[in-house]
Amino acid sequence: MSSVASAKEEARKINGLTPRSAATEVVHNAKSSGLLSLAVLSLLTAYHSALGNPEVSKGEKAIAVVSIGQFDTNLFDRVTRFVGDNYYCSIRAKPNQNTIQKSPEEGAQDLEKLIGPDDICLLGLVNIHQDVKFFEAVFQSRKVALLNIRALRPDNMKNDTAMEKYARRVEKESMRLIGQLIGLNPCPFPRCALYIAASEQELDAKSRNLCPPCQGKAAELLRAKGVRLTVDY
C-alpha cells in the first residue's frame with residue numbers, strides 16, 4: 001500500500017470523529033511521529049484545509065467568531081479555520097454584523113447577545129470604515145473580545161506578500177485574544193502567539209501558534225469548559 005493510501009486508511013480508522021477531526025488527528029500524529037514524508041503531510045494538510053468550516057452541531061461547545069463590517073469571506077474562513085485547527089476545537093461562525101458602536105463597551109454589550117448557550121466565548125473581527133479608535137478590547141465578564149483588523153493592515157496592500165502578512169497578523173492576534181477569553185495569560189516567550197508584541201516588527205516575528213506549555217494549558221481550560229478537543233493533546 002502506498003504511503004498516501006496508508007494515510008487515508010489511518011484517517012478512516014479514527015472512529016467517532018468527523019472527517020475534519022480525523023484529518024486533524026492524522027496531521028497531528030504525522031507531525032509528532034515523523035513517520036510520514038513531507039509530501040504526504042502536505043497532502044493531508046491540504047485535504048484538512050479543504051474541508052472548510054462545517055456547521056457546528058447544536059449542543060457542542062465551541063468558540064464563536066463574528067465578522068463586523070465589510071469582510072473578505074476568504075480571510076474570515078482562513079482565520080476561523082486556523083483558530084480551530086490550533087486550539088483543536090470547533091468554531092461557530094456567527095452571521096456578519098453590519099456595524100458596531102464606536103465605544104468598545106457598547107459594541108461588546110451588543111455582541112454579547114449573539115452568544116448562545118453552547119458558545120464559550122465570542123471574538124468579533126471588526127473591519128469598518130468609520131473612525132474606530134480602539135485596536136483591541138477584551139471584556140472577560142461578557143466573554144467578548146474585539147479586534148480591529150484594519151489596524152493590522154500593512155501600508156502597501158497591493159501585493160501578495162503584504163496580503164499574506166496581513167492575514168498572518170489577524171491569525172496571531174485572534175489566537176491571542178481568544179487565549180485571553182478562555183483564561184490564558186500573556187506569554188513571555190516572544191515566539192508564542194500569546195506574546196504581546198510591542199511593535200509591528202515583533203508582531204511579524206512571533207509565531208501564529210501557541211508554545212507547548214500554553215498549548216497544554218489551553219487544552220486543560222477548554223476541556224474544563226466542556227469543549228471536545230479534536231486531538232488528544
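The values are calculated or read from the model by the stated rules, or taken from the named source; none is laboratory data. Since the model is a prediction, treat every value here as computed from it, not as a measurement. Cβ coordinates were reconstructed from backbone atoms using ideal geometry, including for glycine residues, and neighbour counts include every protein chain displayed.
The figures follow:
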| quantity | calculated |
| --- | --- |
| Test for LEU152: is it surrounded by 13 or more Cβ atoms within 10 Å (Cβ to Cβ), at pLDDT 95 or above and of a type outside the set (Phe, Trp, Tyr) | no |
| Residue list for the range 133-153, restricted to those being in contact (Cβ under 8 Å) with a residue 24 or more places away in the chain and out of contact with any Leu (no Cβ under 9 Å at 6 or more places or on another chain) | LYS133, ARG150 |
| Residue selected from the range 201-213 under the condition in contact with a helix residue (DSSP H, G or I) (Cβ under 7 Å, 6 or more places away or on another chain) and either of a type outside the set (A, V, I, L, M, F, W, C) or surrounded by 19 or more Cβ atoms within 10 Å (Cβ to Cβ) (or both), by the criterion farthest from SER57 (Cα to Cα) | ASP204 |
| Residues that are crowded, with 18+ Cβ neighbours inside 10 Å and more than 12 Å from ARG168 (Cβ to Cβ), drawn from the range 181-195 | LEU181, ILE182, LEU184, CYS187, CYS192, LEU194, TYR195 |
| Unmet criterion (only one of (1) closer than 16 Å to TYR88 by Cα; (2) of a type outside the set (Phe, Trp, Tyr); (3) out of contact with any helix residue (DSSP H, G or I) (no Cβ under 6 Å at 6 or more places or on another chain); (4) surrounded by fewer than 20 Cβ atoms within 10 Å (Cβ to Cβ)) for ALA198 | (1) |
| Filter result (free of Cβ contacts under 8 Å to residues at least 24 places away in the same chain and either among the small types (Gly, Ala, Ser) or closer than 24 Å to GLU112 by Cα (or both)) within the range 163-192 | ARG176, ASN185, PRO186 |
| Qualifying positions in the range 58-92 - of a type in the set (D, E, K, R) and outside any helix (DSSP H, G or I) | LYS58, GLU60, LYS61, ASP72, ARG92 |
| Filter pass, LEU229 being in contact (Cβ under 8 Å) with a residue 24 or more places away in the chain, within 14 Å of VAL83 (Cα to Cα) and not assigned by TED's automatic domain parsing to the domain that holds PRO117 | yes |
| Candidate set from the range 142-190 (those that are touching a strand residue (DSSP E or B) at 6+ places or on another chain (Cβ under 7 Å) and of a type in the set (Lys, Arg)); member that is farthest from PRO104 (Cα to Cα) | ARG150 |
| Hits in the range 61-110 - residues which are modelled with pLDDT of 95 or more, touching a strand residue (DSSP E or B) at 6+ places or on another chain (Cβ under 7 Å) and either farther than 20 Å from VAL227 by Cα or not assigned by TED's automatic domain parsing to the domain that holds LEU152 (or both) | SER67, PHE76 |
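Results for (1) in a helix (DSSP H, G or I); (2) touching a helix residue (DSSP H, G or I) at 6+ places or on another chain (Cβ under 6 Å), shown as yes or no for each residue.
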position: SER141; (1), (2): yes, no
position: ALA145; (1), (2): no, yes
position: LYS158; (1), (2): no, no
position: THR161; (1), (2): yes, no
position: VAL170; (1), (2): yes, yes
position: GLU173; (1), (2): yes, no
position: LEU177; (1), (2): yes, no
position: GLN180; (1), (2): yes, no
